[in-house]
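The values are calculated or read from the model by the stated rules, or taken from the named source; none is laboratory data. The model shown is predicted, which means the values in this text are computed figures rather than measured ones. Please note: Cβ atoms are built from the backbone with ideal geometry, for glycine as well, and neighbour counts cover all protein chains shown.
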Amino acid sequence: MAHATVLLAGSPIRTNLGILGFSAVTLVESEGLRILVDVGHYGRRERLLAALAAHRIDPVAVDHVVLTHLHWDHALNLDLLPEAEIHVGAAEIDRAEAPPANDPHTIRGAAAWLRARRTHPISAPTTVLAEGVELVLTPGHSPGHLAVVVHEPAGRLLVAGDAVPTRRAWLRGRPDHVYDDASLAEASVARLHALEPTRVVPGHDAPFRVRPDGTEHEPAEEVEFVFREDRERDFRWRGGEVPARETYD
Ligand SMILES: [Zn+2]
């Protein structure tokens, strides 16, 4: 049996100024192995290191990293885990050699990074990485996307990456964004539904439970927005109605 812990939950927050790209980072433990599924981007670097430290895990002691795909928001922190073997879809590496213009998110240069590491390109529909840990090829959002199924004592946990970035995507059967093939993306979500997970960690949303009578989000970490103001004071906002500006002057 394996066990999973969400180190960093994903978030669907988007802004008119740009993409925040907060993707989920999940720790999976099986047979004494430490496996990270996705590693996040530089904006979450300190949070990731703090989360590993909170679990008493030295980054050099992470044995495996599964990259669901090579979009920057999921994969940039790879250098923090220098000893880990890397598992990534073979078609992701091919795309990273020459990403098409309609996919601005695949990391330019990722193929060279991966060649310099112990990298296992995955092309089989299902691959057993460790006891109770399966990699499932789920193309569509990107050409070689991988999801991960973790067989826990309490049920099947699906770490879905951007095959299912949000609970909305799970409910309507297709990811929110597609950078490769929409029909493949829908077929991948159907395949994941058929695995009947009891819990889903989406790429960009709080984890949710799947029950016969519907889905239910787990409690999400409260998001606090901090704006640096011209008088060197922070403008803090926790959501809801924006308070009158005078409150902060
Ligand atoms: Zn993506």
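State yes or no: is Ala4 crowded, with 21+ Cβ neighbours inside 10 Å, closer than 22 Å to Phe208 by Cα and away from the ligand (no atom under 14 Å from the Cβ)?
yes
If Trp237 meets every condition in (1) at pLDDT 95 or above; (2) surrounded by 14 or more Cβ atoms within 10 Å (Cβ to Cβ) apart from one, which number is that one?
(1)
In segment 64-137, which strands (runs of 3 or more DSSP E) lie fully inside it and hold 2 or more residues that are modelled with pLDDT of 95 or more, within 16 Å of the ligand (Cβ to nearest atom) and crowded, with 23+ Cβ neighbours inside 10 Å?
Ranges flagged: 64-67, 85-89.
Quick check on my filter: what residues within segment 162-180 are more than 18 Å from His69 (Cα to Cα) and touching a residue at least 40 places away in the same chain (Cβ under 8 Å)? Spell out the reasoning first.
Keep residues of segment 162-180 that are more than 18 Å from His69 (Cα to Cα), which gives 167-168, 170-173.
The answer is Arg167, Trp170, Leu171.
What about Gly173, is it more than 16 Å from the ligand (Cβ to nearest atom) and at pLDDT 95 or above? Can you show your working first?
Numbers: more than 16 Å from the ligand (Cβ to nearest atom): yes; at pLDDT 95 or above: yes.
Criteria met by Gly173.
Among the numbered criteria (1) farther than 26 Å from Glu218 by Cα; (2) modelled with pLDDT of 95 or more; (3) hydrophobic (A, V, I, L, M, F, W, C), which one does Ala4 miss?
Going through the list (1) farther than 26 Å from Glu218 by Cα; (2) modelled with pLDDT of 95 or more; (3) hydrophobic (A, V, I, L, M, F, W, C), Ala4 breaks only (1).
Given Glu222, Glu216, Glu196, which one is without any contact (Cβ under 8 Å) to a residue 12 or more places away in the chain and exposed (fewer than 13 other Cβ atoms within 10 Å of the Cβ)? Walk me through how you get there before you give the answer.
Numbers: Glu222 fails: without any contact (Cβ under 8 Å) to a residue 12 or more places away in the chain; Glu196 fails: without any contact (Cβ under 8 Å) to a residue 12 or more places away in the chain.
Within the list Glu222, Glu216, Glu196, the selection yields Glu216.
Which one of these does Ala53 not meet: (1) touching a strand residue (DSSP E or B) at 6+ places or on another chain (Cβ under 7 Å); (2) part of a helix (DSSP H, G or I)?
Evaluating Ala53 over (1) touching a strand residue (DSSP E or B) at 6+ places or on another chain (Cβ under 7 Å); (2) part of a helix (DSSP H, G or I) leaves (1) as the failure.
Pick from Val39, Val25: which is touching a helix residue (DSSP H, G or I) at 6+ places or on another chain (Cβ under 7 Å), of a type in the set (A, V, I, L, M), farther than 19 Å from Arg108 by Cα and within 16 Å of the ligand (Cβ to nearest atom)? Steps first, answer last, please.
On the way: Val39 fails: farther than 19 Å from Arg108 by Cα.
Of Val39, Val25, the one residue that is touching a helix residue (DSSP H, G or I) at 6+ places or on another chain (Cβ under 7 Å), of a type in the set (A, V, I, L, M), farther than 19 Å from Arg108 by Cα and within 16 Å of the ligand (Cβ to nearest atom) is Val25.
Got a sec? Which of Ala206, Ala160 is within 16 Å of the ligand (Cβ to nearest atom) and either at pLDDT 95 or above or in contact with an Asp or Glu (Cβ under 7 Å, 6 or more places away or on another chain) (or both)?
On the way: Ala206 fails: within 16 Å of the ligand (Cβ to nearest atom).
Only one candidate passes the filter, namely Ala160.
Every residue, every condition in (1) more than 22 Å from Asp38 (Cα to Cα); (2) of a type in the set (D, E, K, R), yes or no:
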residue: Arg168; (1), (2): no, yes
residue: Tyr179; (1), (2): no, no
residue: Ala185; (1), (2): no, no
residue: Thr198; (1), (2): no, no
residue: Ala206; (1), (2): no, no
residue: Phe227; (1), (2): yes, no
